[in-house]
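For reference, the structure is listed below as structure tokens.
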Amino acid sequence: MSSPLPNDIVITSLDACAIALYLVCFLGYGYVAALPSLERRSISGAVQRQRERWMQNMALRDVRIVDAHLLGGLAQGNAFFASTSAIIIGGLAAMLGSGEKVQSLLERLPAVLPSSPVLFELKVLLLMAIFVFAFFKFAWAFRLSHYTAIMIGATPILEPGTRDACLSHSQRTARLIGLAANHANTGLRAFYYAIAAMAWFFHPAALIVATAWVLIILIRRDYFSRSRRLMLEE
């Protein structure tokens, strides 16, 4: 009996292990990072405390045009990444339609492990799923930024006797903009992991290495970066 050719292989055990590790890191990191004990120590927790301070200052100001302008800049960033995700999804859909040509071109590169057409399509579909996920995260973050702008506009006017109401409203506004930031951060992490997923086109071992590399980068930037230390300095 002749041994199976590479193009006859749908998915190998190494592919299965690599994609399992990838999904655990991709889906598990956000869940673990959201644990209260870890979130307080991360750069996200530090930034959220600065947001609370920002909204308190906003509530105690008479003129809030600067706050609305800053929020508009943050919202435009979310809109940019949402539109970028949509463009990438369209490009990947076109790539899926001409998969055989793209696959043959890619497999001419050195160190690229040949794979079956079915496996190649699965790799493209994985990337599409990641960017669809990122699109919805950024689109919802953009929408939440609009809600935050409404909350800023609805902040009670600072007058004698309204200070407590202004501060209470500012706390709710800070939590709302924190939700928008959490969705945007999740979308950005999806972009990071999409870069790792591209390594699967070359070799499943490359996917394992790229996944570990992205995980190390995320941990370092969330918990050990200089920007985090600067945010935590009083």
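Restricting to segment 67-121, count the residues that are in a helix (DSSP H, G or I), touching a His at 6+ places or on another chain (Cβ under 9 Å) and either modelled with pLDDT under 85 or on the phi > 0 side of the Ramachandran plot (or both).
The number of residues fulfilling the criteria is 0.
Quick check: is even one residue across segment 186-195 in contact with an Asp or Glu (Cβ under 6 Å, 6 or more places away or on another chain), closer than 22 Å to residue 18 by Cα, in a helix (DSSP H, G or I) and of a type outside the set (D, E, K, R)? Break it down stepwise before answering.
As a first pass, look at segment 186-195 and keep what is in contact with an Asp or Glu (Cβ under 6 Å, 6 or more places away or on another chain): none.
Within segment 186-195 (the criterion being in contact with an Asp or Glu (Cβ under 6 Å, 6 or more places away or on another chain), closer than 22 Å to residue 18 by Cα, in a helix (DSSP H, G or I) and of a type outside the set (D, E, K, R)), the answer is no, since none of the residues qualifies.
Can you tell me which residue is farthest from the chain's Cα centre (by Cα) among those in segment 131-159 that are closer than 20 Å to residue 61 by Cβ, in a helix (DSSP H, G or I) and touching a residue at least 40 places away in the same chain (Cβ under 8 Å)? Give the steps one after another, and end with the answer.
Filtering segment 131-159 for residues closer than 20 Å to residue 61 by Cβ gives 145, 148-159.
If we keep only those that are in a helix (DSSP H, G or I) too, we end up with 145, 148-153.
With the extra rule that they be touching a residue at least 40 places away in the same chain (Cβ under 8 Å), the set shrinks to 145, 148-149, 152-153.
Working: 145: 16, 148: 20, 149: 22, 152: 26, 153: 28 Å.
Once the filter is applied, the top-ranked residue is 153.
Look at residue 59 and say whether it is buried (at least 18 other Cβ atoms within 10 Å of the Cβ) and not basic (Lys, Arg). Show your work before the answer.
Details: buried (at least 18 other Cβ atoms within 10 Å of the Cβ): yes; not basic (Lys, Arg): yes.
Judged against the criteria, residue 59 is a match.
Only residues that are closer than 17 Å to residue 29 by Cβ and either surrounded by fewer than 20 Cβ atoms within 10 Å (Cβ to Cβ) or in contact with a strand residue (DSSP E or B) (Cβ under 7 Å, 6 or more places away or on another chain) (or both): list them for segment 193-207, please. Before the answer, list the steps.
Going residue by residue through segment 193-207, those that are closer than 17 Å to residue 29 by Cβ are 193-197, 207.
Passing the criteria: only 195.
Could you tell me whether any residue of segment 208-221 is surrounded by fewer than 20 Cβ atoms within 10 Å (Cβ to Cβ), touching a residue at least 12 places away in the same chain (Cβ under 8 Å) and within 19 Å of residue 50 (Cβ to Cβ)?
yes
The values are calculated or read from the model by the stated rules, or taken from the named source; none is laboratory data. Since this is a predicted model, take the numbers as computed values, not measurements. Ideal geometry is used to build each Cβ from the backbone, glycine not excepted, and the neighbour counts take in all protein chains shown.
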